[in-house]
1. Would you be able to tell me the number of residues in region A:90-113 that are over 18 Å from A:Arg13 (Cα atoms) and open to solvent by 70 Å² or more (accessible area, probe 1.4 Å)?
2. Looking only at region D:22-39, filter to residues that are open to solvent by 10 Å² or more (accessible area, probe 1.4 Å) and under 13 Å from the mean Cα position of the chain (by Cα); which one of those is nearest to the other protein chains (Cβ to nearest Cβ)?
3. Please verify whether region C:649-660 includes one or more residues that are without any contact (Cβ under 8 Å) to a residue 40 or more places away in the chain, out of contact with any Asp or Glu (no Cβ under 9 Å at 6 or more places or on another chain) and either buried (at least 21 other Cβ atoms within 10 Å of the Cβ) or within 14 Å of chain D (Cβ to nearest Cβ) (or both).
4. Taking B:Ile282 as the residue in question, decide whether it is among the β-branched types (Val, Ile, Thr), under 26 Å from B:Ser116 (Cβ atoms) and in a strand (DSSP E or B).
5. So B:Gly157 clears everything in (1) at positive phi; (2) without any contact (Cβ under 8 Å) to a residue 40 or more places away in the chain except one condition, right? Which one?
6. Check region B:198-214 and report whether any residue there is open to solvent by 40 Å² or more (accessible area, probe 1.4 Å) and within 24 Å of B:Leu32 (Cα to Cα).
7. Quick one: which of C:Leu315, C:Leu302, C:Leu288, C:Leu249 is touching a strand residue (DSSP E or B) at 6+ places or on another chain (Cβ under 8 Å), within 14 Å of another protein chain (Cβ to nearest Cβ) and touching a residue at least 60 places away in the same chain (Cβ under 8 Å)?
8. Testing B:Gln287 on (1) part of a helix (DSSP H, G or I); (2) in contact (Cβ under 8 Å) with a residue 40 or more places away in the chain; (3) open to solvent by 20 Å² or more (accessible area, probe 1.4 Å); (4) within 26 Å of B:Ser116 (Cβ to Cβ), one condition comes back false. Which one is that?
Amino acid sequence: MEMNEEIRINAPRERVFAALNDIEVLRQSIPGCEKLDALSATEYEGTIVSKVGPLKARFTGGVTLSDIIAPQSYTLTGEGKGGPAGHARMRTEIILEEHEGATLMKYAVKAEIGGKLAQLGGALIDRTAKKLAGVFFKNFEALLSDADQTVE
Amino acid sequence: MFPAEIEHYFRPQSVGEIHKLLANYPEGDATLIAGGQSLMQAIKSRMLRPVCLIDLQDVADLQGIDNANGLTIGAMTRYAVIAGYDEIPVAYAAIRDAASHVGDRQVRNRGTIGGSVCWNYVASCMPTVVLGTNGCLRISGADGEVREVAADDFFFGPFETACGEDEILLSVSWPTPSGKSGSAYKKWGLATDALPVVGMCVSLSLDGGNICNDARVAIAGLADGGQLVTAGGAALLGFDGNPEAIGPVTAAVIDSVECQSDHWASAVYREQLIRNLGAEVIERAYQRATAAQP
Amino acid sequence: MASSEQVAEKPWLGARMARKEDLRLVTGKGQYIGDIVLPRMAHAVFVRSDYAHARIRSIDTAAALAVPGVIAVITGQDLVDDVRTMPQPVLLPNLPAKYPTFSALAIDKVKFHGTPVALVIARHKYIAEDASELVEVDYEELPVVTDPEAALEAGAPVINEDHDDNEIFAMTFTGGETEQEQIANAKAVDEVFANADVTIKKRFRVHRTGLTPMEPRGVLCDWSEADGLTAWITTQRPHIDRLALIDLLDIPADKVRVIAPRDQGGGFGVKAPFFRENVVIAHVARKLRRPVRWVESRHESLMNVGQERDQINDLEIAASNDGTLLAFRNHGVADNGTGETGVYWGFVMPFLGAVELPNTYTWQKADVHLRVAVTNKACITPSRAFGHFPTRFAIERAIDMVAHKLGMEPAEVRRKNLITELPYTSVTGEFYDSGDLIKLWDNLMAQVDLKEFRTEQAAAREEGRYIGIGYATGVELSGMASEVLVPMENQPGYGAATVRIDPRGAVLVFGGDAPQGQGHETSVSQVVANAFGTNPKDTVTVEGDTGTTPFGSGTIGARGASYFMSAVHNACVEIKQKICRILAHDFGVEGSYEDFEFANSEVVYLADPSLRKTFRQAVERIIMHPINMPVGEVGGLEATVYFEAPEQMVCFNADLCIVEVDINSGEFDILKWVSSEDVGNVINPLIVDGQMQGAIVQGLSNTIFEEFIYDEQGQQLTADFENYKIANAADTPNIDITYASTPCPHTPLGTRGIGEGRPASVPGALTNAICDALIPFGIEITELPLRPDTLWEKLQAARGDR
Amino acid sequence: MSRTNEVSITVNGERYDETIPNRMLLVDFIREHIGLTGTHVGCTYEGACGACTVHLDGAAVKSCLMLAVQADGHDVTTVEGLANDDGLSPLQQAFNDQHGLQCGYCTAGILMNMTDFLREHPDPSEDEIRRALIGNLCRCTGYVHIVRAVKAAAAVGTK
């Protein structure tokens, strides 16, 4: 699954970039995130639960930040193992552009699934990955917007 | 593959009893089983691991078809019963079209309309015909209150519906058809009666001059699951049975949906299926409507 | 002993007799692997990798072991001291290839999605599955190669690391032994092409598909100190499996017995290899000193076995203006998968596929090259039409393309080029012993009025209806002579049978092969009844138990009616000879075998029919009362006979189909399918009809519905029957089987083995019919699967071009 | 914590009062718990092959897509219940006569489905038979002789 989207965030680029590197912001933005702990400045591990209707899969794994060019871009790679359900990987390349005082965040997401998830849930992967990415960026934007309300 | 351990199995006799059982479990732990033809696939593959399984087979209130005031089909009514019921008004004939070709004989002997619409599988027929015929879903809430949800508000997307995990779908119903109305459903799969790669449901009403004055189009088999295509219904208004006029309708449908490519069919072929199936079901629904007794 | 008598005219031979097997099978009394239960039997579940290519960092079995009811959890490390690595010599063909060395449970790395990495043994199968979920394997992913051409490129990740590259096998089939000879041949072929009136050149691609027996695999092993290992295995070749287990587990030969269950739910080649799972189950039964059973799930089956075809053939044909086929050149690339399956290793199938390229046609010259690539997919396992489903599709399609180019009837081009003088050695070196291809072809064409069809076709086109006719022919090996089977699969080709007469007159037949639905019990009983003049119901056939049967190379490659039945017949003759000698003595007459007739359950002295005994009296006297015997004779009636034909035998077929294509949807209906079969003398036409119908529908199902799909990461996405669609009854046509047979001169009954290769002509016949229907659009199909969507897209493109 | 239930299931006329795990599939109850192995399993979770077809109160259903506890209080008939003292049923006989089976693995399911089908459609067309067989996959026969056998059995039944 691959998708390319962009979203406008009403905050300056440096703040957006800082938030993208803020584990607390990530924890609150990642849909279904139950746990996220920092192993280092660029490596986290945690647990997320992905839910489609009654079907749930719990993934434990790591999140790695790489190709960091502050404050304009980085790559966020998440890899999770869902036990007997299989595994998933989502790689998101994010580019931040300044845009009339706000920030234009362009993101390219590539998701892969393996094991039973791929065999049984293949028809859902596109939709689910898109939905998860959408929720993530919406949450992220909401968090930043809330924080910025006093500034606005 | 075999089911994971199931702690409890219950077979309640009434809707009230189901609610009591559901109340004993944290949300998501108790699962209702109707016909189980899809649910058991998920349970066996362990994509679903219910702690408690509540079997609805004995709940008499959920069974049967009633056509006294419009049409009401109990949630636990099996496909074979629907397929064999010849009193369904032509306005809702699409339901029978669909039920007659779900899966195979054995599946139709077991699977239910309620199970299908609540499961809302990404490629499935019943949710699509319920949408296409504007069914009304009666749901018993956790508090025992019954609410009615229009099909448009019921289906959220694959596996997701308005029926909460602590709620029970009682029936799907349709009002007494007004005037001349007809509907039809047809699907295409790689094999006969396989899951829809594309399925098309059309229902329409005609005025005295046999001109379409109300119509709905729903589609199955796309990545977003069964969905209503508003533009399709709008394009059918004024349709007078002229086959030449069908092309613009299916074109409107194609314009407003997103067809995916997968190992069953390419996106462009799905579009062609919409044209071909659309032409067939529009014609059949129209014929049925013209023959209907107002 | 080779009898030359031809006795096909007796009533039981050729009778459409209802099968003896059926009574138990229609009443639910069959005995398949999953029905066999031993006291204290434990259940095994394999843990399989969900990565296609990864190093195994570690395997943690603690949580699985802690589940109540779990008896043991085994990993590859546990096998190191007790189980030899594969391959062992018994499982190696005598063909030069880069065989991988591997452990039955992967130790260092996994090479395809589904590689077994651990085994959980528990008292109940549900518990075993619970625990299997708790085995934690830590993988380090490696780059995945799923495309065979990419796998052969320099710098591609090497999958079998004991070799330098992914080319497991490569061969040039024509032109001789030395490089110079090959260069000379290639040059000669170039010259034919340079001077030919027409040439065509296309890339033909056939997807990964194959056969899926309704019963997946299974193994049940028991161990006792006294008897050693008893292994029930779903297998087409129990005797080979036994040798492999002896060698892999280092067990003395007197301590291993393999039994193929009496009933097996289909094989089609899929149960012919020696599988790694067998040795793991045998090992744990020995280790735990208790019976252990593994029954494969469909999910496992679709991920591991039954995957075949998967070839690219760049084929060129040169022909002259009158439709004479001159030469062909083929460069094949086959996708082997990992190469971790005993006996065949993946590449033996495309090897035979390339050998069979010439099919039933004469060619002056050919230049054939094949490269087989290891990829991160399940190893190819044999499926009926062993390796030649793709090559026959290519050659049959290409012949129609030549016909289209020349404006000739494809039927005419075919007939013109059929081999007319047999025996014949094909341009790739395959020997065809006998048959009459012209008779076969003319019988096929008699099933349709081609002229009338063309008129109808033209009229239909006027109405916007597109109907078409297509053909394909086929040759298949009727069993394989040792001359062929020893080099190809390292095992003998002969058929073997023990025939034992019971004092009450029943006949017991023991065979070393192991059928999976072919109706051996019925055919054997007809052969026996024919020989002894008894009733087929008096014969009992036992097969598949290495403890009681003579060595047999298996129910493979159409060996039944060619080799096994011939051995049965010859054993009967040997017994008849003894009966005759003793009866002549008893009757006080001079006489031998030729002087007696066996009919109506009696043995009659022809010169004086008053001298007769019932079959039962005769045999009871010899078995139970061996006194007053002729000099040199002892009692008892039993013979074990090995049959080897003097020549490699083949049989032929031709298919014709008529289709109608809906150009608006790309959907097509098969309006008619008729075959013509040259299968020698037929023991039971009901069974042969069934074999042919089944094979043809398998071919259709492979062509239209079935496809194994891997994604870029090597994930196997078609591991259930929702996603791996096999044809159902509503989507398949009726099929008429007709015969134009030539008795085989090399078997005592004139029979030939049939059915193995039969699906191969199907994709050609079907696609040729569709292309014939769509001639106005100039569509030439070169790729499978043939799906309505791709056909419609081709039509769209063609309409755009016009 | 119960994980088990008491059930009373009648199989081929014989009543079984048993305590079984909730998660036990009906097909495993039939094959392994009570030992009627004529019913087969040919797929994993998908329930698409039909080899496990039995009658539940007379209707053909796939016993791999049901839990045994769901059959509590019901009548199950398996392939072992088709023949009686008079011998094979007309359908069983027709499968033998017409060579409607080869390996026999799918046969039980087909017999059960077609027995139910012929009761509903005593005189079916070939198209109806073929459509009714969609839930039963056969790999050996190509279906030709199966369809012929069902027709032949119908002819006996309608005589």
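1. Residues meeting the conditions: 2.
2. So, considering only residues that are open to solvent by 10 Å² or more (accessible area, probe 1.4 Å) and under 13 Å from the mean Cα position of the chain (by Cα), the one nearest to the other protein chains (Cβ to nearest Cβ) is D:Thr37.
3. No, region C:649-660 has no match at all.
4. no
5. Result: B:Gly157 fails condition (2) only.
6. no
7. Within the list C:Leu315, C:Leu302, C:Leu288, C:Leu249, the selection yields C:Leu302.
8. Just one mismatch for B:Gln287, condition (4).
The values are calculated or read from the model by the stated rules, or taken from the named source; none is laboratory data. This one's a predicted model, so the numbers in the text were calculated from it and none came from an experiment. Methodologically, a virtual Cβ is constructed for each residue, glycine included, from the backbone with ideal geometry; neighbour enumeration extends over all protein chains shown. Surface accessibility is based on the protein's heavy atoms, side chains included, excluding ligands, DNA and RNA. Shrake-Rupley method; radii C 1.70, N 1.55, O 1.52, S 1.80 Å.
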